[in-house]
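One structure is given below, encoded as structure tokens.
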Amino acid sequence: GLRVRIGASGAKTFILRKRVGERIHNITVGRYGPRFGLADARKKARSLISDLEAGKAAPAPARVSSTKAGTIRSMMPAYLRSKEKLRSAHDLKSVVNKYILPGLGDRFADSITRGEISTFIAEIAETRPTRARNVLAQLSAFYSWALPQLDNLAANPCRDAGRPPKPVARDRVLTDPEIAGLWRVADGEALPWGPALKLLMLTGTRRSEVFEADRSEIDIKAKEWTIPAERAKNGLPHIVPLSAEALAVIKAIPASDDSPKLFPAMGNPENGASGHSRALARFRKSLNETLKRELAERWTLHDCTATSQLKGQRHRR
């Protein structure tokens, strides 16, 4: 009884047709997409059939959208334009393109229920709980903007939807032997990774602050690096004192006539270097080889920052 319906837009929806006694039930199983394929539809259909045969009521049919409302995909460009001046606009676009549009983009905005959003967020949280919380926040912001246009929607469906718990704060700090080993790893890395890794350890700044740094932010004579408000975590300009070691690293980085960036991206010199995940995997492997043992606890580039900040506090004491 499992079927697939293809709409005029090309969207594919799994439908279950099941006779129980004298009555035929037509039940929407789910929309086909990256997070819900044929195997998922079969599993859910078997569960629905078991419920029907056990005498349980069929689930209520999906609500029909009003004719005024569009799909999330059709409404999203106008929403993004309204947010393009925000400091977080780049992260918003990333969340929209990687999660919201693939998962919910072809649904009518006023037909999605709180339960469906809870399920959508829970699936993301299985592998990326912190990102799932961010996706829910961005989706909720979209609905707050869209509500005046959605006659059939009484309230933001993200409100009271299931929310992944806050992640436990990390307290990982690299030990002195690990720091020494990581410095040797940085010595063996080419631009931009080796110098960037050293600056993370020497300055206590965030990964994005290092890789997105402009040369104009650095005053060699004053021995200061001014991180502008739009790139600082708290939205305020941040002055970072530069040690002799940090200055030596910066002076050794060749300047590019085509880019204002300290670490320009290959092929896109207006942006900072990317590919951090692959680089981190390489750093971890190299550090294990340098220390001749595998570290029991995983570490991230953020831990380099935390280590630098903690040791700076100890030094000031």
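Most mobile of 161, 39, 255 per a Gaussian network model of the chain (Cα springs, under 10 Å)? In this elastic network of the chain, the residue with the biggest mean-square fluctuation among 161, 39, 255 is 39. Within the chain, the longest run free of exposed loop sites, counting GluC sites (Glu not before Pro) that sit outside DSSP helix and strand states (H, G, I, E, B) and have at most 14 other Cβ atoms within 10 Å, spans 127-293. Ordering 194, 226, 11 by the projection of their Cα atoms onto the charge dipole of the chain, which places +1 on the Cβ of Lys and Arg and -1 on the Cβ of Asp and Glu, puts 11 at the extreme positive end. Heavy-atom accessible area with a 1.4 Å probe sorts 253, 24, largest first, into 24, 253. The trypsin sites (Lys or Arg not before Pro) of the range 123-162 that DSSP puts in a loop, and whose beta carbon has at most 16 other beta carbons within 10 Å, are 159. Annotation note: trypsin sites (Lys or Arg not before Pro) in the range 85-125 located in DSSP loop regions with a Cβ neighbour count of at most 15 within 10 Å are 85, 87. Summed over the residues of the chain and divided among them, the accessible surface reaches 60 Å² per residue at a probe radius of 1.4 Å. Projecting the Cα atoms of 30, 78, 291 onto the charge dipole of the chain, computed from C-beta unit charges around the Cα centre, puts 30 farthest toward the positive end. Of the residues 183, 153, 247, the one whose Cα sits farthest toward the positive end of the charge dipole of the range 138-268, with +1 on the Cβ of Lys and Arg and -1 on the Cβ of Asp and Glu, is 153.
Checking (1) 31, 24, 21; (2) 49, 24, 17; (3) 37, 24, 15 against the coordinates, the calculated semi-axes √(5λ) of the Cα gyration tensor in Å falls under label (2).
About the centre of its Cα atoms, the chain shows a dipole size close to 1160 debye [charges on the beta carbon of Lys, Arg (+1) and Asp, Glu (-1) only; nearest 20 debye]. At each listed q (0.19, 0.22 Å⁻¹), what is the log10 of I(q)/I(0) that the Debye formula gives for the range 131-263 modelled as equal alpha-carbon point scatterers? Log10 I(q)/I(0), no solvent term: -1.09, -1.30.
Stretching residue 5 away from residue 281 to a fully extended chain increases their span by 95.1 nm, per 0.36 nm per residue minus the current alpha-carbon distance.
Mind running the shape call on the range 223-268? Use the C-alpha gyration tensor, a ≥ b ≥ c as the square roots of the eigenvalues: rounded below 1.5 for a/c, prolate if a/b tops b/c, oblate otherwise. Oblate, because a/c is 1.5 or more while a/b does not exceed b/c. Structure note, pairs 12/83; 43/98; 12/43; 98/166: Cα-Cα distances above 19 angstrom occur for 12/83; 43/98; 98/166. Taking the Cα centre of each part, how many Å lie between the range 123-196 and the range 237-253? Taking the Cα centre of the range 237-253 as reference, the centre of the range 123-196 is 28 Å away.
The values are calculated or read from the model by the stated rules, or taken from the named source; none is laboratory data. Just so we're clear, the structure is a prediction, and the values are computed from it rather than from any experiment. As a convention, Cβ positions derive from the backbone with ideal geometry for all residues, glycine included, and neighbour counts pool all protein chains shown. Protein only, heavy atoms only, side chains kept; ligands, DNA and RNA dropped before computing areas. Shrake-Rupley method; radii C 1.70, N 1.55, O 1.52, S 1.80 Å.
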